[in-house]
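Values quoted throughout were computed directly from the atomic coordinates according to the rules given, and no laboratory measurement underlies them. All values derive from a computational prediction rather than experimental measurement. Neighbour counts run over all protein chains shown; Cβ positions are idealised from the backbone, glycine included.
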Amino acid sequence: MEHPSTSGLSAPATETIALGGGCFWCTEAIFTRVRGVIDVENGYCNGHVKRPSYEDVCTGETGHAEVVRLVYDPAQVSLQQLLGVFFSIHDPTTLNRQGNDVGPQYRSGVYTTTAEQERVACEMIADLGQGRVFNAPIVTEVQPLSNYWPAEDYHQDYFEHHPEQSYCAFVVGPKVDKFRKHFVGLLKPTV
């Protein structure tokens, strides 16, 4: 039997990155709609506790950030495009806060799996800062992804299952609408 890697059919190359931009329900709802994003999973990363629960992370004492872990196809969507969406859907200038969500678990962060991702993220942050795109300095941390744990099942696809829930209706929904309006070229055709 021929080995799959020598058959001429290679699996598509994908990359993984995690993004923290406040509540993961908002971030997940947007990135599930981005062309080239193959999988979006809500989770917790870069803390010091193994297998933290949502309740543990909400104390702000585990060191974890709420993130979405993205698996994407760079042939369909570039990291620059993903980060362009990311920096437009949250406030990267507020330390440990996004709107009414306050605590270190809501910090802005780019958690990389390759040196190239780190380089691209740092360059984009520098360019946004030099261009004075925001009214305050960017506080987004860029670190290698570590100690990642998936969030509980009830947090996955939350907006899709609960669009009428008040947080979803008043916070997540408007962010999704803004994304659809400003990033038409990045929308998945089926969503």
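Values for this structure:
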read-out	value
Computed label-point distance, nm, for sites ALA13 and GLU55 using a 7 Å Cα→Cβ extension	4.5 nm
Candidates LEU83, LEU128, LEU70: whichever shows maximal mean-square fluctuation once the chain is modelled as a Gaussian network with Cα springs under 10 Å	LEU128
Long-range HN-HN contacts of ASN147 with modeled amide H, under 5 Å	ASN46
Placed amide H near SER108: partners under 5 Å, 5+ positions off or other chain	ASN96, ARG97, GLU141
For segment 78-84, 3J(HN,Hα) per residue [Karplus equation, 6.51 cos²θ - 1.76 cosθ + 1.60, θ = phi - 60°, Hz, x = Gly/Pro]	7, 4, 4, 5, 4, 5, x
3J(HN,Hα) from dihedral phi, segment 173-186, Karplus parametrisation 6.51/-1.76/1.60, rounded to Hz, x for glycine, proline	x, x, 5, 5, 4, 4, 4, 4, 6, 8, 10, 3, x, 9
Selected from THR27, THR94, THR59 as most flexible by GNM, with the chain as the system and alpha-carbon contacts under 10 Å	THR59
For segment 103-151, size of Cβ-based charge dipole, Lys and Arg +1, Asp and Glu -1, in debye	160 debye
Computed log₁₀ I(q)/I(0) - Debye formula, equal Cα scatterers, no solvent, segment 126-167, q 0.24, 0.30 Å⁻¹	-0.79, -1.04
Shape of segment 60-106, Cα gyration tensor, a/c cut at 1.5	oblate
Calculated over the chain: convex hull of Cα atoms, volume per residue (Å³)	150 Å³
Estimated vicinal HN-Hα couplings, Hz - segment 105-120 in sequence order (Karplus 6.51, -1.76, 1.60; Gly, Pro = x)	5, 9, 5, 7, x, 10, 10, 9, 10, 9, 5, 5, 4, 4, 4, 4
Nonlocal amide H pairs with VAL34, under 5 Å, H built at 1.01 Å	LYS188
Cross-link reach list, aspartates and glutamates versus LYS175, counting only Cα pairs under 20 Å and skipping chain neighbours closer than eight places	GLU28, ASP39, GLU41, GLU66, ASP91, ASP101, ASP157, GLU160, GLU164
